[in-house]
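Structure, as structure tokens:
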Amino acid sequence: QVQLVESGGGLVQAGGSLRLSCTASGSVLRPNTMGWYRENPGTQRELVARITSGGGTNYADSAKGRFTISRDNGKDTVYLQMNSLTPEDTAVYYCNYYYNIDYWGQGTQVAVSS
């Protein structure tokens, strides 16, 4: 089992920034992929960004140029730096760890006011 603990969500004005963090613990194996997804009520959970143990990254089009994902393998921690936030970024953000199967964090709310 892998446990994921997220932090860093909150309320911010449009144009502002937030940094999300997620630390994995338990049976963490490598190589793995960690990432961030987001979800709003009535919509499907969607990829925001993900990063492999080797540093390869993948971004949603909506995140490119504004968000940066990074990780510290020694701490089993993934970060999402979000800049130039807009109200459309409002969602619950979920940390994901993938090694054969998916593990999910509990979610952290990000709210962007206009």
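Please treat every number below as a calculation from the coordinates, not as lab data. All values reported here derive from a predicted model rather than from experimental measurement. A quick note on method: Cβ atoms are made from the backbone with ideal geometry, for glycine too, and the neighbour counts reach across all protein chains shown.
If we count every other residue with Cβ under 12 angstrom of Ser70's Cβ, Lys/Arg +1 and Asp/Glu -1, where does the sum land?
Working: positive: Arg19, Arg50, Arg71, Lys75; negative: Asp72.
The answer is +3.
Spin-label point model (7 Å from Cα, Cβ direction): what's the Asn40 to Asn83 distance in nm?
2.4
If you count, for each residue, the other Cβ atoms within 10 Å and average over each peptide, how do 8-21, 66-79 line up from highest to lowest? Let's see the in-between values first.
Numbers: 8-21: 15.0, 66-79: 16.6.
Final packing ranking: 66-79, 8-21.
Would you please classify the overall shape of segment 46-108 from the alpha carbon gyration tensor, given that a ≥ b ≥ c denote the square roots of the eigenvalues, rounded means a/c under 1.5, and beyond that prolate means a/b larger than b/c while oblate covers the rest?
Numbers: a/c = 1.84, a/b = 1.40, b/c = 1.31.
Taking the square roots of the gyration eigenvalues as a ≥ b ≥ c, segment 46-108 is prolate.
Given the Cα-Cα distance of Ile101 and Lys75 and 0.36 nm per residue of separation, how much length would full extension add, in nm? Can you show the working numbers first?
Values: separation 26, 0.36 × 26 = 9.36 nm, distance 2.06 nm.
Answer, rounded to one decimal: 7.3 nm.
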